[in-house]
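Read the structure below first, then the notes.
Just so you know, all these numbers are worked out from the coordinates, no wet-lab data involved. Owing to the predicted nature of the structure, the values given are computational and were not obtained by experimental measurement. Cβ: placed from backbone, ideal geometry, glycine included. Neighbour counts: every protein chain shown.
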Amino acid sequence: MRDMGRTPRSKDRQRSQLDPLIPDDPAAPEPRGKRGSYTHYLKARAILAERLQASPEEIAIWAWFGRSVGKDPAGGIDGYLDPDQHGGKPPRFHFRYDFQGNFDYLPQLMQCYFRADDLQSFQPADRYLTFAGVVERFKRFCGEEEGIALVRAKAASGDLASFHPLTGGTSESKAWQGEEGFPPLEQGMFLLSQVLEIEAECAPDQVLVSPSRTRIQPPVVSAAVSFDKEVALRFSAPSGGVKQEFVPLTRELEGWFEKPLTDLPEEKRQRVGGVFLVAWDQLTPEQRRIFAEQWDYQHDPAIEAERTQGWEEAIVDWRYWGQLPTLSAEEFCILRHVTDPRKFESERQTIPGGAGATLGQRVEDDLRRVVADSAVSEKKRLPLGRWVSWASKVGLICPGFMRTNADAASKDDVTEGRDRHYSSVEGITPKQFIERYAANVRGGKQFLDKWFKGKTRKKGEKPAAEQFRLDGSRGRYNESAMLAALKEEGRYSEIGH
């Protein structure tokens, strides 16, 4: 008979408050049989999500690899079958494939248990991302379709390995391309270290690091810091949800970068665990500091405008467009939607922000406003400042990078005592351009003669330089735009040829 005089334990009391079906004084249920030192997958998932911000798919990959293969470390964590059904000595858990085309592996984890002490001490050798996670990272510097294409290209080349717990790889893994019986690439898992190396290769520097730091080389970045905004909010707001003052990670860790993790106070260890994707002790003190600075740059609300501007300029390649003295109506309208005009056709059907009209429809709407306004013409090229001013008058909002650069140009004009953009619209003749720049152009005067006269192209096509002719200028050309085009083609060099 149950002891009616037993005082419920506090844990029991909490459980009864949370669940009305539990009486006020139950005996606290314990794991039955041999399960006391093992933890079911669902509880383990919550522990690893809290400790390592791990996803269910990533936990599955770690369990598939396991701790070791023979005597060689594999970098994962061992899973086990139900210990109660195996006398307290359960065998390793393994995924099973039915060869019927069912590639859903997460339900199988309901049969998996982990050692409780393993869950607290486990430090993964590698981190993994889902296909959607990789594309989301790549979208920081390219369109979604380009991001998907980049994943496929790198998987096909072998630069980005794809893993799957049931089959080892996917249908687009380099080793199994064209083979039947493998899941699609979209169901694969990808090494974070390889993703970061691809980003270092393909992404503009502004996307990767603060402008105040030199870009970190790929081997160092593979021990990377997570730029997870949810983590940032977790450490910048108290449990009640009221946002506190942002505390820079570098300031909090000042004086601790040289210390091993065990020497850090508990609060600092928790914050490090929520930011660094690899063990603190695997990094040098300098790497720890650099990653902390990167995290601060990505999350400090005081420089949100600077980050946004750097992001926008990287997306549109403002280093190219910003040096042009004038923009066409179409170029301006496309840039206003934070898109590189040279990539517009491939991104025309995309939907910025995921809702509303397509990019193509939005640009067309802007161009109709241009045509309807007698102050500007669809064919006329204007300086950025003039376009931004016009947009403001007709109620169009320009992104921050446009407004900032337009203001900077206006200040330069005042300082110089003239409008440098408009003076450049006066243009330059082919003879003047050749005399001034032939020594800096590969092929020299002979190439430029053909470039202006059209002999570098097929019969019937306009000269290459024709696109830079200024309307109504009687044979004058846009000097800055021509230089930019020649630089992009690799024909122009400041030191000469």
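Rounded to the nearest whole Hz, the Karplus-based 3J(HN,Hα) values (6.51 cos²θ - 1.76 cosθ + 1.60, θ = phi - 60°) of region 95-108 follow the sequence 6, 10, 10, 8, 6, 10, x, 8, 9, 7, 9, 4, x, 5, with x at glycine and proline. Counting other Cβ atoms within 10 Å of each Cβ, which trypsin sites (Lys or Arg not before Pro) in region 301-382 have at most 14 and sit in a DSSP loop? For trypsin sites (Lys or Arg not before Pro) across region 301-382 that sit outside H, G, I, E and B with at most 14 neighbouring Cβ atoms in 10 Å, the list reads K379, K380. Close amide H pairs (under 5 Å, H built 1.01 Å from N) link T39 with F114, R115, A116, residues at least 5 positions away or on another chain.
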